[in-house]
Each structure stands twice: as C-alpha cells, then as structure tokens.
Amino acid sequence: MSTDNSKFGLLTRLKLLWFSWLRSILHLWVKARVLPEPFEDLELDRDKPICWVIDSYELTTLLILDKTCEQRGLPRPLWPLRLPSGDEPRSYLALRRKKGLLIRRTEVRRHSETLKRLVENVCEGTEKDIHLVPVTVLIGRAPDKETGIAKIFFTESWEIGGRLWRFVNSLVNGRHTMIQFSTPLSLRTLADEQLGPARSLRKVQRILRVHFQRVRGAAIGPDLSHRRTVIDAVLRSEPVREAIEEQARKDNSTEYKAWKQGRKYAFEIAANYSYAFVRVAYFALTWFWNRIYDGVELYHFRSFQKLAPDHEVIYVPCHRSHIDYLLVSYFVYINGLVPPHIAAGVNLNLPVLGHFLRMGGGFFLRRSFRSQKLYSAVFYEYLSRILANGTAIEYFVEGTRSRTGRLLPPKGGMLSMTVRSYLRAPNRPILFQPIYVGYERLVEGSSYTAELSGQQKKSESLTDLLKVFGILRQRYGKVHVSFAEPVLLDQLLDEVSADWRSQALGTEERPVWLNPLVARLGNRIMTGINEATHVNPVNLLASILLTTRKLAMDRVELEQQLLLYLDMLRDCRFSERVSYTNKTPAEIIAYGVELGAVETREHPLGEIVAVCAAQTVLLAYFRNNVSHLLAVPSLVASCFLNVRSIKPERIRRIGRSIFPFLKAELFLPMDQAAFEQAIDRQIDWLVERGLLEQTAESGLLKCPEGGSRDELQLRIMGHSLLQTFERYFITMAILAKNGSGRLTRGELERLCYLTAQRIAQLHEIAAPEFSDRNLFRQFISLLRDNGVLTINAAEKLAFDEMIGQISDDARFILSTDIRHGIMRVAPQVLHEDPED
C-alpha cells in the first residue's frame, strides 16, 4: 500500500502506514474467496463514486476488504472518497460500531453520519450519484483442504464476537474467508423518488440492514434451535395434539402412549443439522469429486444467487443418482449459501449412515403415510416449522431415481405440503429452484443395468457402502449442474386465485384450487429442468449410434452427424439455458472411447465406431436425458422415413395429433402453437442445410436421394424417437383390433405392456422404456384426458374414428413391416392372469 501520495496529509499517511503494516501481518494467514464468480457479474460502474458498506465495523473485515479491492483494481476503502462536494475521510461506512476496550457493546445510534452526508448530498443535488456497495466478510465460511477441531468451532455464527474472538477466529479460519460483494445501490435512484433527505436516509438504512440480514442468513443459515427443542415445539402444536387425541381414541389407549408414538415419529423424521459436520463433509466431498470426476461444471448460478437472499428457497433437482443431493449441497455451500435440509426416503435411515445424513441436513419421510394421521400431522408440522424458520429445503418431486434417463411424472405430496405450509404462514416468498444434473457415466450404472434387465430392485443396506472402494478406482467423466429459471410461488398463486392472500386457511383446509396449482407447479418444475439441459458427449454419441441397426457407424459419417447435431443445438435453440459440449466431433469420439462408452474397430475401408456391448442399455439412459431436445427434429425427419415427399401441412397435422402425448411424456415447455412454430423453424433449417428440398410452386418437401450422405443424416435424425412413436401405435393398434367398448383400462394397459415386451424381444430393442408399463399407463390417461377415449356404462373404453386417423398418420412414420408386425403381435382381450 503506497502512502507517499502528496495529496494526503501527514496524519493520513501515518494512518495508512499503520493499516498497511497490520494488513501485511493479517494476510500471512488470511486467504479470501471472492464472490460472485465471475466477479464481472457484479457489473460495477467504476465511473461513479463508490462507497463500500459493511454491516459492523471490524478491523479484520476492513483490512480484508482493502486487500481485495487493491487486487482487483477497485477504489480502496481506506483511501479518502473524492467528491465534488468535499472529500470524505474514507471510502467505506459501517452501519454498526462497537465501543469498549475489552467488553465491547454495540453503540446506540440512529444512523451512520457518513451515510447521512452522502444521502443529503445526492438528494440536494450537490452530487449527481453515489453507488453504495454492500460487502459481507465471513471468516470461517469458505473452507479449503485444511481442517482441524479448532477450525470447526471458531467459525462465523449469528453471535458477534469481541476483539479476542475475532482475532482467534482470523488465526484459526483465516484461510477459509468469504467476501461477498452485492449489487450496488444507487443513491440517485433513491433520490429520484422525491422522499426528501430524512425519509431517504431511513429507507436506505432499512434496505441495507435487511440486506445484510438476508445475505448472512443465506450464507450461514438461520439460527437453528436444538433438535429436541424443535421436536418439543412440534409435539406441542395444536394440529399434532389433536392428532394425538384422535390416535388415543382410535387405539383405545392413553394420550401419553399416543404422545410417545408421536415423539417417536418426530425423532424418526427430524434432521440434526451441524455446521461442524457440514465443514468436515466439504473436505471429504472435495477429495471424492477430484478422485472420481474430471470436473464438475456449474451453469446459470448467478441469476439464482441474486434472488436467493430475498426468498425461502426450495431446491428441486432431477433425481438420477444418489450423488445428486451431495452435488447440490456442495455447490450451494462453496458459492456462499447455506446447504439445504434434504428430504430423504426412510430407506436411507440406516444405522450410522442415517446419523451422518441427519447432521448434513437430511430429514426422513416414509414413502406413503396418507392413512397414518398422526405421522402425517407430525411430518407436516415439522416441515412447516423449518420453512417458517427460513431454512432452505431440497427434495425430489419425481419421488425416486429415474431408471430410464427421462424425467418421471412429478409427485404432488411434498409440493402440496409446501404450498399449504406457506399459505398457513406466508412469511417470506417461496422460490422453487429446478436443477438439471447431467452425468457422463453413472456411479449406479451396474445396478441400473440389472434392474432394467428385469432384476428386482435391491433395498439399500450398509453393505452398499463397501462399493465405494470399487467406485474410487474408476473415472466417471464430468458432471454438469445447471440452474433453471426459478419458479416463484406467489406468481403461480396469483394465476390460480387472485385473492389467495385474503383467504384465511386453517391447518386442515385445502382450497379447491390447491390440486390444480400443485399440478401446474410440478409441471413447471419439470419443464424448467428440461429447459436447462446440458448436452454432453455421451448424450450425443448415444442419440446417434443407438439409431443404427448394428449400433455402429463409419467414423467419418459419425463425425458429420455429430457436427450436424452441434449446429442444430446452436441454431434451433430449445431454450436460452440449454448448453452443450464445446468438443469437436473427433474429440467427442475420443472422449467416448476413453470413458468406455464406445469402441473403435479398424477396417481396410475405414474405421468403425461401435457401442460397447456392455454399455447398450446405459447408453439408452443417456440418450433419454436429451430426448426432449430431439422431439421436433425427429418428428419432422421421421415423416420422410417411408415417403419421399410430403406437404408441410401434413407434418403439422401429425404434430398436432401427437403433441399432447409428447408434451406430457417429455415435459416440453411449449403449447401447441409454439410447437407448430418449432416444426416450421425446423423445416426451414433442414431446407437451409440441404437435407430437405422445397418446391417453390406447391411448397412440397422432398427428401434427398437414397444412399446419399444427406439421406443418411435425415434418416438417423428421424429414428431418434421412432420407438416412442411405435409405443403410441401399439396402443392404437390394440384398441383398433379389439374394437370400441371391448377393453377395460387395466386390460388395455396389460395388453400394451405384453405386446411391447414381445416386440422388444423379437427385434432386440435395447430401449428400457419401450415396454415401460408406467409410460403406457400415462399414455392411456392422456388419451382419456384429451377425449380420445371415454368410459361407457359397462366401464369399458369407447372411442370414435379419431383412433383410425391417428393410425392412418402412422404410415408416414412407421414402415410397413413395423406396422404389420405390430398388428400381428397385438393380441385381442386376454383373461387376467391371477399371478400377474
């Protein structure tokens, strides 16, 4: 720090020299992590006077801030603030100061005098503008590889320590310091409200005070009570007391016995959050990620980070691996926010492991407890209390891990309880944060392959932990975590009920609009996740190679197809948050070989790239991760699989007929009009690329000549969702073959499942979702919802000529052999197998 500036007086230079000496000593052991990252996201206007604002004056805070500003070429807080109206002695201000030598107490004052002068100067026109930049410095909040018992206990908390505590804390945790710069506050914007200097001062003071509380709360979490205190409060609540009384009457027992049962439930549910354990877990997870992954990439976090301090946050990631919740908590923590409490299935509440999960914020719930009123009351009250306390929460709306790679239909249970808790006590607005988590190789790959091959799912046990040693010996590529557009609950509530704020709801009351709201919320979350998809090299290889008959391609042709898909992702944007690999086609193939997903085979006529035999089922999983991105391209291209020419209107008609089913199954974030616009854009793009030709006179679309490179590329694109269309046609064929009014819903579902299963075996279809009973069940429900199917008086499924129209359109997409094969295999009504 230079102190020989001639503009400074002698006393100022001596003071700066003293601070320079102290700062040099302090930074022998202090190392700060600066947020936001990248720092350019802060968007500081360096042409405006900048005054740094800290919550409470601490010498260590000031010295750390000064060092950071010097490193980044920012105005230094210890230097005078140069203003036309007159210089301020320093370029920072503190909202609070303490007095006392040993026993220090917060000084009672209404406001900072520096802040008062700055506000008055801008309001009175003496200064054009001044930017106030809030800065939060937390020592012991940004961990690194070092650890120790002392580091864990001397860390930031809600108590503001004295000089001795601060000094010891900086010694112990100095290398774990976080400095958070927040969005600048313009005093000119405030002055333009014409409130006058006094009211403007009170307003900016209030804004800054609330801001520091929220940033600190987001970084270190709310002041959580002891677990037993929370449980006692839950058991004393009126809804739980009423449930205890009802349980006692039902069991014909004493209330004390029912109370003990409720208490047992509460201890089974409740987390036992520990900041110390979170810090230790950080070090372990950092080592674990570096051991098995080549990197973990984070996307679109900054936009969420700006909103988080002002909202109660509910993290809702997709669920593809047990690694999901570890990744989300890890990234949240290292980026300056407190890790959330995580709702986990009671199957993970294993001895020892369950204890550690609770310390990390895990709380447990049973798969189903609708009929258990006492358990339901205890769980709902616990969830309501941690929400009201400002605790961030994470849960998986799919309910379980996806075994097919596609998003599962959202479950409404946790969403409904969250909404009801908020309606009961709307303290802070709730923000649902959808998160896409994409892998290039799955830790649970072998167990998924076994389950998809027909084996029963094994329950979790402590012996599963032994698999970690095998996991540590392998590499799993990169992981990509992408934050989607946040879903604000208040906005959704306004859409379904404009007067929801004025409706006083009791604990058990459920407004008529609750279920539609929960359904809309679940769908918004799932479409948001899909809109934030990252397309990695394995996704691309799987999407192309699995469409070929022998799961293999000429290397040159594969590189051309990869380049086509990369260009399509760039030009035909599914959403602004979709990202994709920056590797070249050759690098993508080499990377796939390195991960063991594909292999290369030498041949005199050219190298061949093929799917590794053991990876076929898992590659279908990775293809399904991005199947929604290929829905429109595959639909358009598939219309040319069996005909050489077709009119655009016919493609749109086919799109309209299957759009409701694609939208529901793939969670497409568009309505029918937007879907047809996407079809038109895709047609234009294919024409521009030369994969389609359009006649000027009639607008007729023609595909390339057979055997050409362009025809191959179009055919591969058309096969991307072909098995999905085949699954739809199986349902239509069985309905047509049996006739209207002949099948019950259960019979149709079973026939569809058996038919798909048989076709998959006959044609060696490697897609695990092809014969997924749940997808058939969902498709049949959609046929009912869209009026294609109705239930007659005999509880049979009735339909009209619509089934025939959809079947007629299938001839453009499905080959004659496939359609006839389905018609041959599709059975008529079977008697239910009592053992099925």
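The values are calculated or read from the model by the stated rules, or taken from the named source; none is laboratory data. Computed from a predicted structure; not experimentally measured. Using ideal geometry, Cβ is built from the backbone for each residue, glycine included, and neighbour counts are taken over all protein chains shown. For the accessible areas, the whole protein counts, side chains as well, though only heavy atoms, and no ligand, DNA or RNA atoms are used. Shrake-Rupley method; radii C 1.70, N 1.55, O 1.52, S 1.80 Å.
With respect to (1) at pLDDT 90 or above; (2) among the hydrophobic types (A, V, I, L, M, F, W, C); (3) open to solvent by 70 Å² or more (accessible area, probe 1.4 Å), the lone exception for LEU465 is condition (1). Number of residues in the range 716-768 that are in a loop (DSSP other than H, G, I, E, B) and of a type outside the set (A, V, I, L, M) equals 9. Within the range 540-565, residues that are basic (Lys, Arg) sit with their Cβ atoms under 8 Å from residues that are assigned to a helix (DSSP H, G or I), at 6+ positions apart or across chains, in these pairs: ARG555/ILE589.
So which helices (runs of 4 or more DSSP H) are wholly in the range 610-695 and hold at least 3 residues that are open to solvent by 10 Å² or more (accessible area, probe 1.4 Å) and on the phi > 0 side of the Ramachandran plot? Quick ask: steps written out before the conclusion?
Details: elements: 616-625, 631-638, 648-666, 672-689.
So the answer is none; nothing clears 3.
State whether the residues of the range 550-559 include one that is crowded, with 20+ Cβ neighbours inside 10 Å, among the β-branched types (Val, Ile, Thr) and in a helix (DSSP H, G or I). No: zero hits.
Screening GLY606 on (1) modelled with pLDDT under 95; (2) assigned to a helix (DSSP H, G or I); (3) within 26 Å of LEU566 (Cβ to Cβ) shows it passes everything except condition (2).
Quickly run through the range 769-788 and pick out the residues that are assigned to a loop (DSSP other than H, G, I, E, B) and touching a residue at least 24 places away in the same chain (Cβ under 8 Å).
Step one: filter the range 769-788 for residues assigned to a loop (DSSP other than H, G, I, E, B), giving 769-772, 786-788.
Selection gives GLU769, PHE770, ASP772, ASN786.
Go through the residues of the range 707-728 one by one and say whether even a single one is of a type in the set (Gly, Ala, Ser) and crowded, with 21+ Cβ neighbours inside 10 Å. Steps first, please.
Here is the first cut: in the range 707-728, the residues of a type in the set (Gly, Ala, Ser) are 707-708, 718, 720.
From what's left, crowded, with 21+ Cβ neighbours inside 10 Å: 718, 720.
Scanning the range 707-728, I find at least one residue that is of a type in the set (Gly, Ala, Ser) and crowded, with 21+ Cβ neighbours inside 10 Å, so the answer is yes.
Mind listing whichever residues of the range 724-754 are of a type in the set (Val, Ile, Thr) and over 22 Å from LEU666 (Cβ atoms)? Within the range 724-754, ILE734, THR744 qualify.
Exactly one residue among ALA308, ALA281 is small (Gly, Ala, Ser) and over 26 Å from GLU381 (Cα atoms), and that residue is ALA281.
Within the span defined as the range 291-308, every residue fails to be open to solvent by 20 Å² or more (accessible area, probe 1.4 Å), in a helix (DSSP H, G or I) and either of a type in the set (Asp, Glu) or free of Cβ contacts under 8 Å to residues at least 12 places away in the same chain (or both). Step by step: first the residues of the range 572-605, then only those that are of a type in the set (Asp, Glu) and more than 25 Å from the chain's Cα centre (by Cα), then the one that is least open to solvent (accessible area, probe 1.4 Å). Which residue is that? Out of the qualifying residues, it is GLU599.
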